[in-house]
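This report concerns only the one structure given below.
The values are calculated or read from the model by the stated rules, or taken from the named source; none is laboratory data. In this text the structure is predicted, and so the values were computed from the model without any measurement. Here Cβ is always computed from backbone atoms with ideal geometry, including for glycine, and neighbour counts include all displayed protein chains. Heavy atoms of the whole protein, side chains included, go into the accessibility calculation; ligands, DNA and RNA do not. Shrake-Rupley method; radii C 1.70, N 1.55, O 1.52, S 1.80 Å.
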Amino acid sequence: MNKIYVVGIGPGEYEQMTIRAERVLRECDIIIGYTVYVDLVKKHFPEKEFMTTPMRQEEKRCRIAFEQASQGKTVAMICSGDAGVYGMTGLIYEVSPEYPEVEIESVCGVSAVISGAGLLGAPLIHDFAVISLSDLLTPWEKIENRLLAASRADMVVCLYNPSSIKRKDYLKKACQFMLEYKASDTVCGIAQNIGREGEAFRVLTLDELKDTRVDMFSTVFVGNSQTKVIGNKMVTPRGYRHE
């Protein structure tokens, strides 16, 4: 069968993979993905054939998947979280017209915005925006405008890719923009290594977040004006009336 499943494997922990994703990986002929993600699943599917490419070789990875599928193999292209959220599903479809004989099916996973929120408590109970701070594919001016718009609308903001070796000050810059519309004591949270070794979370204020160092394995949440701390958790009320 000439088919590619684009599979979201969740945050990394095997137990947080969906039942359907596990079944697809069990039944496919070959698993393809970014090296780090393949390493997360390899021990659970030792009998499978694996192919990897490093970061920034996404299109090459897609073409490898299509070439393998064109040979009659059932391919699973894996991504962390959900493959349709900052993942490979879009690029797979963009390349697909060159391989009309290959069928594509998306297998959803648990995105970091969802698993990170669960770790922190309940920060997403009202409207929210998800914004990546990576400017590799998006001009910083556009990221800046999105940060300002979401903050002006008093939305909870979830930040993907908050920092890297080359972007050490991007989270600080983002916080400074959001502080134009959000109070300095706005409740924020950081979820780190979700579903992996070293999993941890921290609740802090926006002012504190501005001077906090994070890494690429962190997902950052900035609350709205109603977000509060209950116990040690970050909670955004939905506005239900208490009876």
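Could you tally the net charge around Ile104, taking each other residue with its Cβ under 15 Å from the Cβ of Ile104, Lys/Arg +1 and Asp/Glu -1?
Values: positive: Lys3, Arg61, Arg63, Lys73; negative: Glu67, Glu94, Glu98, Glu101, Glu103, Glu105.
Net charge around Ile104: -2.
May I ask for the net charge around Ser164, where only other residues with Cβ less than 12 Å from the Cβ of Ser164 are counted and Lys, Arg are +1 while Asp, Glu are -1?
Working: positive: Lys166, Arg167, Lys168, Arg213; negative: Asp135, Asp169, Asp215.
Net charge in that neighbourhood comes out at +1.
Ignoring any ligand, DNA or RNA, what whole percent of the accessible area of the chain comes from carbon and sulfur when the probe is 1.4 angstrom?
On the way: 6150 of 12240 Å².
Answer for the chain is 50 percent, counting heavy atoms of protein chains only.
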Alpha carbon centroid spacing (whole Å) that separates the range 87-139 from the range 1-47: 16
Nearest-10 value in Å² for the accessible area of His126, using the 1.4 Å probe: 70
Amide proton proximity set for Lys182, modelled H, under 5 Å, gap of 5+: none
log₁₀ of I(q)/I(0) at q = 0.14, 0.21 Å⁻¹ - the range 115-243, Debye sum with one point per alpha carbon: -0.55, -1.24
Extent along principal axes [Cα atoms of the range 1-103; Å; largest to smallest]: 36, 26, 21
With all protein chains modelled, accessible area of Met77 [1.4 Å, Å²]: 0
Overall dimensions of the chain by Cα: Rg and Dmax, Å: 19.3, 62
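Which entries of Lys142/Lys168; Lys173/Lys233; Lys168/Lys210; Lys142/Lys233; Lys43/Lys168; Lys142/Lys173 show an alpha-carbon separation above 23 angstrom in the structure shown?
Values: Lys142/Lys168 19 Å; Lys173/Lys233 25 Å; Lys168/Lys210 12 Å; Lys142/Lys233 31 Å; Lys43/Lys168 33 Å; Lys142/Lys173 14 Å.
Over 23 Å Cα-Cα: Lys173/Lys233; Lys142/Lys233; Lys43/Lys168.
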Charge tally in the Cβ shell below 9 Å around Val95, where Lys, Arg are +1 and Asp, Glu are -1, Val95 excluded: -2
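Using a 1.4 angstrom probe with every protein chain in place, what is the largest-first accessible-area order of Arg146, Arg152? List each step's numbers first, then the result.
Numbers: Arg146 120, Arg152 140 Å².
Reading off the accessible areas and sorting them downward yields Arg152, Arg146.
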The range 172-243: C-alpha gyration tensor shape, a/c 1.5 cut-off, then a/b vs b/c: oblate
Ranking by accessible area, most exposed first, for Leu147, Leu136 with a 1.4 Å probe: Leu136, Leu147
Label point at Asp185 placed 7 Å out along Cα→Cβ; residues across the range 217-239 whose backbone nitrogen lies under 19 Å: 222-237
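Taking 0.36 nm per residue of sequence separation and subtracting the Cα-Cα distance, how much length would be gained by fully extending the chain between Glu94 and Arg20, in nm to one decimal? Provide the component values of the computation, followed by the final result.
Details: separation 74, 0.36 × 74 = 26.64 nm, distance 2.44 nm.
Taking 0.36 nm per residue and subtracting the Cα distance, the gain is 24.2 nm.
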P(r) histogram, all alpha-carbon pairs of the range 66-174 included - 10 Å bins from 0, percent: 12, 33, 31, 18, 6, 0
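Can you give the Rg/Rh ratio of the range 47-98, where Rg is from the C-alpha atoms and Rh is the Kirkwood radius?
On the way: Rg = 11.0 Å, Rh = 11.7 Å.
Radius of gyration relative to Kirkwood radius: 0.94.
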Overall Cα dimensions of the range 141-190, principal axis frame, Å, largest first: 30, 23, 15
Computed over the range 96-149, Cα set: Rg, Dmax in Å: 16.6, 45
Per-residue SASA entry for Val38, accessible area with 1.4 Å probe, Å² rounded to 10: 0
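Whole number in Å², please: accessible area per residue of the chain, 1.4 Å probe, ligands, DNA and RNA not counted.
Details: 12240 Å² over 243 residues.
Averaged over the residues of the chain, the accessible area is 50 Å².
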Accessible surface, 1.4 Å probe, highest first, among residues Asp82, Asp169: Asp169, Asp82
